[in-house]
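So the structure is just underneath, and the comments pick up after that.
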Amino acid sequence: MTRRVRRAAPVLALIATAGAAVLGCATDERDPSAASSSSSTIAEVGGRWWVTSPDDGAVAVLDGSSLELERSVDVGGSPRQLAQVGDTVVVTNAAMSTVSLLRPDGDAGEAPVAVRVPCGGTEGAASLGGTGQLAVITCPNDARLVVVDTAAGAALGWVRLGGRPAGVAVGGARVTVAGGTDGRLWSVDAPTLRSASQAVQGDAAGGGAGQELAVEATPTEVWNRRGRSASMLQSVAADPGGSVAAYQTVDNNGPRPAGSDGSYGALTDGDPRIEPVVQAPCGGRFAHFDGSDRRLSGPVALAWDVQHRRLWVVGRFTNSVSVLDCANDAAPGETIDTLASFEVGEGARGIALAADGNSALVDGGFDHAVAELRLDPEAPQLGGAPERVVRRPVGEQHLSAAAQTGRRLFNDATDRHLTPSGVAACASCHLDGGDDGLTWRIATDDVPSKLRRTPALWGVEEGAKPLHWEGDFVDPGELTGDTTRNLLGGDGLLVDTSKVAAYLAELAPPPSAPPTAARGEASQAGRGGAVFDQRCAGCHAGPTGSDGRLHDLGRDPADPDAIDGGVVTPTLLGTRGRGPYLHDGSAGTLADAIDFHGGGLGSSLTDAQRDDLVRYLAGR
């Protein structure tokens, strides 16, 4: 029931930062308008707590003291993160080509304003600062950073990035974006971006989707151990000396350790093949896996307390939050001291830090709850419980009850039947049911060594097509059981894999990317669609783009583990942004994938036809 909005004194006074809300992050004293800001799933706005609620497509507004639900604003789709920009709250959405604008002081029944953006699905949001009301929005599937004028309700333009941009932080004169899958932090000069955006404001006033801006984005590689890859680079925060990021490194391409079973859920001398780390200022590994301290698997959000140099990190796969001591910088690879850890609800995905740095609110997405944590800086506490947990009512949910249970299993690294180490989960490689953008060298006692690109798992239904690149499975429940035993290292006992199958069947791919008419993309995509129908639809058939059959690409790769002997036609759902392509990840771009196809597909097309085909596929 909708209740009348009332003013309430805030318990915690905050401003937003990446994956979190925190007071005291980087500001530029020369430019008082450039205070730190970034997105979060939870933030204090106008004395209330605002939380995105993807399960029922809403934004929940909670009382600032009791945390009880005051009202729920329906924005549709799958809202992700939010940020306050002037007198507006901007909300991103993974399932739409729009972002929503809401007024904190609006009436209970006031509808949100939808702003069209030039990408299919959005993730992070932050205030760009300056004198206007500009927001920066990340587009994971289209590798763009979009600038939105919240006052005019229009997208002004975008900057091209790499990877799948996720979290974004604005501190002083710098916009920093977490690359998601490419292991890089992208930096954009904030004043330059503001100037370029304001120069095209008049052209965007008609409600268009903006244009590409001539602004440079500079990438920086995050630290990872030699021979490993960085993944799950989702969250970032601003720091006076640079930036802060939490992610995981993975041993995805190394040989099978001697004497091990080769799974990614097993430990070899306390050294997991998947482990969480942080970028400066802490600069090291932040979990122990020697049997005594298995925390922080799946880092998805962080809060940086610059005053006390403490970093709060949310571990979704272990239902935990840990507080790291960054008072003394650690060298890359060194273990950072843990001041405290807390057990929180399932599906934790965002955190908001109090002004004093000693308490926080955590958004428990699967539990639809907010947990209040309190730190005693003088007495380290490991495995502490929240001070209180307040659940909120939700509306009609997108996922069935069986799928919700399956989602919990999919993200669980604590069940020893799923994985013995407390490190790996299905979502370690398939965050939110997608993929990590990596190619893995898989070798276990039961699986011969092979090199395979992680596939996305959207809409995997029983009997829809053979599963795995080799088509080894038809039933997704059987595939889940096999993955549990061979890759996660668990025994699979008491694990209801049918629930995981239900979750995968109900997952939706990201929305199509809207073409930008000003660049002729619509007509180019139309021509590419005609080429696709003539040359590609025989194998990439039906609504998913797969005939479910094995095909030999006729390639002779240099790496023997990449030899396929026939692979199942992959789905084309959410094709763009899913590079690298092919079963072994050897095609870096869609154009490369076309050229690599056997039978001379690439060589039989003119340059114009190939460009048109790439444009068409880039919209899927």
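In what sequence, highest mean first, do 234-246, 569-581, 545-557 appear when ranked by Cβ atoms within 10 angstrom?
Sorting 234-246, 569-581, 545-557 by mean packing, highest first, produces 234-246, 569-581, 545-557.
Using a 1.4 Å probe on the protein heavy atoms, what percent of the accessible area of the chain belongs to carbon and sulfur?
Ligands and nucleic acids excluded, carbon and sulfur give 49 percent.
Ratio of the chain's C-alpha Rg to 2.2 N^0.38 Å, to two decimals?
0.92
Scan around Val45 for amide H atoms under 5 Å from its own, H built in the peptide plane at 1.01 Å from N, and keep only partners 5 or more places away or cross-chain.
The answer is Trp50.
Quick one: 3J(HN,Hα) in Hz for region 315-322, Karplus 6.51/-1.76/1.60 with θ = phi - 60°, rounded, Gly and Pro as x.
Karplus values, whole Hz, x for Gly and Pro: x, 5, 6, 10, 6, 9, 10, 10.
Once Lys and Arg get +1 and Asp and Glu get -1 on their Cβ, which of Gln133, Val75, Ala111 lies farthest toward the positive end of the dipole of region 55-145?
Gln133
Amide H of Leu324: which non-local residues (sequence gap of 5 or more, or other chain) have their own amide H closer than 5 Å, using H built in the peptide plane?
HN-HN under 5 Å from Leu324: Leu311, Trp312, Val313, Leu339.
Compare the Cα positions of Gln404, Gly434, Gly350 along the charge dipole of region 332-442 (+1 at Cβ of Lys, Arg; -1 at Cβ of Asp, Glu; about the Cα centre) and return the one farthest towards the positive end.
So the residue furthest toward the plus end is Gln404.
Quick one: Karplus J couplings for region 221-234, per residue in order, coefficients 6.51, -1.76, 1.60, θ = phi - 60°, nearest Hz, x for Gly and Pro?
Listing the rounded values in order: 6, 7, 6, 8, 5, 3, x, 9, 10, 8, 9, 6, 7, 9 Hz.
Could you report the chain's accessible area per residue, 1.4 Å probe, as an integer in Å²?
Solvent-accessible surface per residue comes out at 37 Å².
Over the chain, what is the mean sequence separation of C-alpha contacts under 8 Å (at least six apart), divided by residue count, expressed as relative contact order in percent?
10
Write down the radius of gyration of region 335-439 and its Dmax, each obtained from C-alpha positions, in Å.
For region 335-439, the Cα radius of gyration and maximum Cα-Cα distance read 15.9, 45 Å.
The values are calculated or read from the model by the stated rules, or taken from the named source; none is laboratory data. These numbers were taken from a predicted model, which means no experiment stands behind them. Counting neighbours? That spans all protein chains shown, and the Cβs are built from the backbone with ideal geometry, glycine included. Only protein heavy atoms, including side chains, enter the accessible area calculation; ligands, DNA and RNA are left aside. Shrake-Rupley method; radii C 1.70, N 1.55, O 1.52, S 1.80 Å.
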